[in-house]
Amino acid sequence: MQNFSKKVTRNDVAKLAGTSSAVVSYVINNGPKPVSEKTRKKVLEAIKLTGYQPNNIARALVSGKSRCLGLIIPNISNPFIASLAHAIEGEAIERGFVILLGDSDDRVHKEVDLLKFFLQRQVDGIIYNAIKDPYLDLLNASNTPFVLLNHMANPESGMRVVEINEYQAAYDVVSMMILKGYKKIAIICGPKNMHNTQERIRGWKDALRAHNLEPLPSLVFYSDYTRKDGYYAALDLIMNVKCDSVFTTNEMQAFGALRAFSERGIKVPDDIGIATFNATELSEYVVPSLAAMLQPVKLVAQHVINMVLNPDPKGSVYKIPYIIKDGMSLKAH
């Protein structure tokens with residue numbers, strides 16, 4: 001057996017297999033010329049013995065494919081965003097691609113820098129969860145396939161969008177709360193200037209009005225999508241309004257609210273009910289378990305990867321299904 005103490009090259013593999021380096025390349029790249037099964041086995045065995053690793057940068061220069069996809073998300077510390085990114089990465093790996101993760105940390109300037117960074121490195125596609133409005137001029141000028149994730153604006157011709165009906169999902173969660181007997185439902189929502197915040201508030205309002213309940217402005221508490229802000233929003237709520245339940249539009253806000261209620265001796269669900277939006281499996285393991293809206297992240301990931309790798313030039317929109325789940329944080333009145 002040969003001793004390969006230095007970096008193994010394609011020529012080393014060819015020498016051990018008794019063939020040319022071109023044939024080794026044909027085996028690695030499945031072409032462009034055919035290779036007999038006998039020779040293929042010799043080459044693969046030589047690769048195994050030598051531990052040869054193909055130069056992916058060189059292969060990318062030849063093929064024009066990096067086998068990398070850029071994923072831009074707003075905040076990886078959000079459990080829902082993290083679970084979705086994890087599912088997308090797993091789906092990409094199954095297709096032979098790797099994900100380059102870019103966390104914008106909810107900062108617009110960082111988001112555009114990440115987008116430019118990925119485009120400069122000629123990734124094979126972009127999966128883009130914009131904070132507010134996506135930078136379509138950069139994307140369209142690059143000719144890089146892209147999918148907009150959770151983008152709720154009217155898509156332009158040729159755009160590929162994966163989105164959930166934020167309004168309807170919020171409407172359905174609040175309707176479930178009302179059917180449980182809750183009548184004065186406060187809402188802890190996201191930043192006022194975000195489109196998804198306004199859609200979730202609109203769903204909350206219309207669900208209340210549909211059941212002849214008044215969506216009072218005093219019941220609306222704006223907050224960042226964090227545990228800390230959910231905690232302080234809940235304290236604000238405790239001090240300023242009387243309500244029988246609260247709809248948090250983010251799971252981390254719900255966790256913060258649970259702490260605030262616990263510290264003030266307010267029992268969930270005996271004294272106040274809670275339901276939340278975009279929950280993960282973490283909501284199953286808090287006490288009490290949270291009533292919530294959930295997205296099937298694995299199914300979403302499959303559609304996202306399909307759309308970025310097989311882009312429809314006419315554009316396409318995938319409407320994400322969702323599940324409304326009861327939990328111990330609500331009780332029938």
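The values are calculated or read from the model by the stated rules, or taken from the named source; none is laboratory data. Please read these numbers as outputs of a predicted model, since none were measured by experiment. Cβ coordinates were reconstructed from backbone atoms using ideal geometry, including for glycine residues, and neighbour counts include every protein chain displayed. Protein only, heavy atoms only, side chains kept; ligands, DNA and RNA dropped before computing areas. Shrake-Rupley method; radii C 1.70, N 1.55, O 1.52, S 1.80 Å.
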Inside segment 16-30, the number of residues satisfying the requirement of being loosely packed, with under 13 Cβ neighbours inside 10 Å and free of Cβ contacts under 8 Å to residues at least 12 places away in the same chain is 2
The helices (runs of 4 or more DSSP H) lying wholly within segment 1-105 that contain at least 1 residues that are modelled with pLDDT of 90 or more and within 30 Å of residue 250 (Cβ to Cβ) are 79-94
Result of the Cβ filter at 7 Å on segment 128-140, keeping first residues that are buried (at least 18 other Cβ atoms within 10 Å of the Cβ) and partners that are of a type in the set (Phe, Trp, Tyr), at least 6 apart or interchain, is 128/146; 134/128; 139/146
In segment 181-215, anything touching a Gly at 6+ places or on another chain (Cβ under 8 Å) and closer than 23 Å to residue 321 by Cα is listed as 196, 197, 200
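Each row is one residue, and each column tells you yes or no for (1) under 18 Å from residue 78 (Cα atoms); (2) at pLDDT 95 or above; (3) of a type in the set (Gly, Ala, Ser).
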{"position": "185", "(1), (2), (3)": "no, yes, no"}
{"position": "207", "(1), (2), (3)": "no, yes, yes"}
{"position": "224", "(1), (2), (3)": "yes, no, no"}
{"position": "246", "(1), (2), (3)": "no, yes, no"}
{"position": "262", "(1), (2), (3)": "no, yes, yes"}
{"position": "268", "(1), (2), (3)": "no, yes, no"}
{"position": "277", "(1), (2), (3)": "yes, yes, no"}
Note on segment 228-242: residues open to solvent by less than 30 Å² (accessible area, probe 1.4 Å) and out of contact with any Ser or Thr (no Cβ under 9 Å at 6 or more places or on another chain) are 235, 237
Does any residue of segment 233-240 turn out to be in a strand (DSSP E or B) and over 27 Å from the mean Cα position of the chain (by Cα)? no
- Could you tell me whether any residue of segment 94-105 is closer than 26 Å to residue 224 by Cβ, open to solvent by 20 Å² or more (accessible area, probe 1.4 Å) and either without any contact (Cβ under 8 Å) to a residue 12 or more places away in the chain or among the aromatic types (Phe, Trp, Tyr) (or both)? no
Listed by first then second residue, the pairs whose first member lies in segment 231-243 and is more than 16 Å from residue 269 (Cβ to Cβ), whose partner is open to solvent by 30 Å² or more (accessible area, probe 1.4 Å), with beta carbons under 6 Å and at least 6 positions apart or on separate chains, are 231/259; 241/218
For residue 110, the lone unmet condition from (1) open to solvent by 50 Å² or more (accessible area, probe 1.4 Å); (2) farther than 30 Å from residue 226 by Cα; (3) at pLDDT 90 or above is (2)
Going through segment 177-190 in order, the residues found to be open to solvent by 30 Å² or more (accessible area, probe 1.4 Å) and in contact (Cβ under 8 Å) with a residue 24 or more places away in the chain are 180, 183, 184
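Report whether or not residue 122 is closer than 21 Å to residue 88 by Cβ and among the polar types (S, T, N, Q). Lay out the reasoning, then the answer.
Working: closer than 21 Å to residue 88 by Cβ: yes; among the polar types (S, T, N, Q): yes.
For residue 122, the condition - closer than 21 Å to residue 88 by Cβ and among the polar types (S, T, N, Q) - is met.
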Among the residues of segment 231-255, the number that are over 19 Å from residue 200 (Cβ atoms) and either in contact with a Pro (Cβ under 6 Å, 6 or more places away or on another chain) or not aromatic (Phe, Trp, Tyr) (or both) is 6
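Could you tell me which of the residues 208, 149 is buried (at least 21 other Cβ atoms within 10 Å of the Cβ), in contact with a helix residue (DSSP H, G or I) (Cβ under 9 Å, 6 or more places away or on another chain), among the aliphatic types (A, V, I, L, M) and within 20 Å of residue 276 (Cα to Cα)?
208
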Scanning segment 243-285 for residues that are among the β-branched types (Val, Ile, Thr) and within 20 Å of residue 167 (Cα to Cα) gives 246, 248, 249, 274, 276, 280
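I'm checking my understanding of the structure. Among residues of segment 312-333 that are hydrophobic (A, V, I, L, M, F, W, C) and over 18 Å from the mean Cα position of the chain (by Cα), which one is most open to solvent (accessible area, probe 1.4 Å)?
This residue is 328.
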